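**Q** Would you mind keeping the following structure in view while I ask a few things?
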Amino acid sequence: MRLPLILLALMVPLAATAMEKLTGEQINRAFTGNTVSGRYTGGGFFTEFHDPDGRALGNNGWQENRDACWITKGDAVCYYYGPPEERTTHCFTVELTDRLYILRNLDNGRINAVATIELANPRNHTDGGKPWYCDGLISRGPQGPLMSRRVAAR
């Protein structure tokens, strides 16, 4: 008999904190020009400034980002790490609860990370003056970052 009471006690705080699954547009508004920082469920801390031109500057939890890019696709955010021959891609749906963002793997729905958003770039993440390669995202297209993001989102 005690087990159901314990489960009920654990569920009450969850019910009070409703989760909202964000649309692609909501993710874009929340992430663009801001720093997403958090922890992976398997351990490890990450912090990435989501530059409006598509670059993800900072640290992905294992190393300093080089050639890391981000974009919203449908109702998910996708990250591309490395040059084409070594590229890895990770896509997540995003849920908001209070001020925490829950990132779930798009392919299996498992929670990958929990994060918060820091306004602007308070950690001063940069490209270190090195060339950045976001070919698939067209982040450096000839018509400028805004037009390039529109083209890349199609």
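**Q** Order by neighbour count: Asp51, Asp75, fewest other Cβ atoms within 10 Å first, most last.
**A** Values: Asp51 23, Asp75 15.
Listing Asp51, Asp75 from fewest to most nearby Cβ atoms yields Asp75, Asp51.
**Q** Right, another one. For the residues Ile117, Ile111, what sequence is obtained by ranking on other C-beta atoms within 10 Å, fewest first?
**A** Values: Ile117 16, Ile111 13.
Final ranking by Cβ density, sparse to dense: Ile111, Ile117.
Quick note: the coordinates plus some simple rules give every number you see, no bench work behind them. This structure is a prediction, so every number in the text was calculated from the model and none was measured. Methodologically, a virtual Cβ is constructed for each residue, glycine included, from the backbone with ideal geometry; neighbour enumeration extends over all protein chains shown.
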